[in-house]
Amino acid sequence: MNGREYTVLAVGRDPTGVSTDFKAFIDLKPDSVTFAGGEINWGENGGFPFVSGTTDTPVFVNLDPPLDVDQTVPIKGTAYLGDPSDPANGTQLETTMTYRAIEKDTRVVTQAGVFNGVTRFTGLTNVDGTVINGEAWYHPDFGMLKGTIDWPQPYGSTLDLTGMTDVGSNGPGANTVRKMGVIDYSNTHWDISTGEVGDGWTADRTRHAKMLLEMRFVDDSAAMDPNLVPQVDVEFGTVWGYFYHQLVASPISFFHPEDNGKGYTFWVAYVDQAGNKHDPGTEIYHIDVDMMPGNPGPIQITGRIIYQKAPGVE
């Protein structure tokens with residue numbers, strides 16, 4: 001866009017990713033975000049976004065400003081209601097967004113789990129005489145975790161992170177898949193698999209995969225009780241077999257260093273194994289977790305699999 005590449009942030013209610021309610025074209029850094037446009041898709045609208053738009057120049061937002069100091073960002077661009085290729089649907093917009101960081105190094109609970117080291121923002125802007133207020137929680141490693149705006153009326157809109165999956169590269173060589181989520185009595189299963197990359201069968205059966213699982217209770221008081229053990233069934237394995245593992249208590253988080261030193265207990269298991277060292281071919285490595293009856297409460301789970309692509313796999 002305008003000779004510059006941007007990441008497409010897609011947000012939707014459909015966990016399969018088939019439908020997207022909101023898209024934003026951004027360049028995200030740990031302490032800033034540059035916004036170039038976006039679109040909102042609500043209901044049937046002839047195959048076009050309900051609302052879309054682009055900025056005349058990229059909008060830069062400082063994500064690490066001084067606490068309780070107003071930041072102002074001028075926004076100028078074109079918004080389209082319906083088909084963006086029809087100039088008659090375009091409206092010129094020129095406004096200013098004002099925002100401030102009201103808390104730093106705070107915590108937020110999302111459907112994906114608990115996050116510490118978060119900055120909480122409030123902000124507002126005026127669009128054609130309508131004042132739109134918003135609130136957002138941002139983490140420098142995980143990005144936007146949660147947010148609300150009071151538009152469209154009467155109910156507004158809410159963003160809440162339900163899970164996080166990074167499938168790494170689809171190219172040859174080593175690869176890493178990582179996933180984060182929560183299990184509870186409404187969603188009792190969690191898994192991570194190299195099968196989510198490419199056509200699924202990408203891992204080398206003869207070379208070791210390094211699989212790390214980390215869990216903690218979402219509730220802080222439960223997470224601080226080292227005698228409260230998650231009642232879960234855990235499996236590390238391949239398509240045709242499984243690997244022995246041991247779940248142990250740890251005062252240290254490997255995935256969430258911002259949680260260290262807060263008194264939490266993390267339950268960790270690690271496997272370093274190959275599917276079959278003597279039978280070349282492709283494999284799928286996985287970690288599965290199922291919540292068992294009697295488990296004390298929701299559990300936040302983070303997992304990672306580092307593995308080698310099979311020869312010839314791209």
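Values for this structure:
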read-out	value
Cβ-based net charge around L228, under 11 Å, with every Lys or Arg adding one and every Asp or Glu removing one	-1
Label assignment, P(r) over Cα pairs in 10 Å bins from 0, in percent derived from the structure, set (i) 5, 22, 28, 24, 16, 6, 0, 0; (ii) 6, 17, 19, 18, 15, 11, 7, 4, 2, 1, 0; (iii) 6, 24, 34, 25, 9, 2, 0	(i)
Cut-off 20 Å (backbone N to label point 7 Å along Cα→Cβ of D105), residues of region 242-263	252-263
Fully extended contour minus Cα-Cα distance, from A88 to R207, at 0.36 nm per residue	36.9 nm
Estimated FRET transfer efficiency (E135, I252; beta-carbon r; R0 35 Å; 0.05)	0.65
Full-stretch length increase - N227, D70 - with 0.36 nm per residue and alpha-carbon distance subtracted	52.0 nm
Straight-distance crosslink candidates among aspartates and glutamates, where the alpha carbon sits under 17 Å from K309 and sequence neighbours closer than 8 are dropped	D166, E196, D199, D204, D272, D279, E283
Fraction of accessible area attributable to carbon and sulfur, region 175-308 (%, probe 1.4 Å)	52
Members of K210/K262; K29/K210; K179/K262; K23/K179; K146/K179 lying beyond 20 Å, as alpha-carbon distances in this model show	K210/K262; K29/K210; K179/K262; K23/K179
Shape call, region 41-134: gyration tensor on alpha carbons, a/c limit 1.5	oblate
Pairs of alpha carbons in region 71-188 whose separation is greater than 16 Å (percent)	73
Accessible solvent surface per residue of the chain, calculated while the other protein chains remain in place, 1.4 angstrom probe, Å²	53
Cα-centred dipole magnitude for region 39-167, charges only on beta-carbon of K, R (+1) and D, E (-1), debye, nearest 20	300
Test item: Cα-centred dipole of the chain, Lys/Arg +1 and Asp/Glu -1 on Cβ, debye	600
Within the chain, helix-based [θ] at 222 nm, where runs of 4 or more DSSP H residues each add -39,500 (n - 2.57), nearest 500	0 deg cm²/dmol
Area of E258 that stays accessible when all protein chains are in place (1.4 Å probe, Å², to 10)	40
Alpha carbon centroid spacing (whole Å) that separates region 137-180 from region 220-269	23
Charged-residue dipole, Cβ positions (Lys, Arg, Asp, Glu), region 226-305 about Cα centre, Debye nearest 20	220
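The values are calculated or read from the model by the stated rules, or taken from the named source; none is laboratory data. Model, not experiment: these values are computed from the prediction. Every residue, glycine as well, gets a Cβ built from its backbone with ideal geometry; the counts of neighbours run over all protein chains shown. These accessible areas exclude ligands, DNA and RNA; they are computed on the full protein's heavy atoms, side chains included. Shrake-Rupley method; radii C 1.70, N 1.55, O 1.52, S 1.80 Å.
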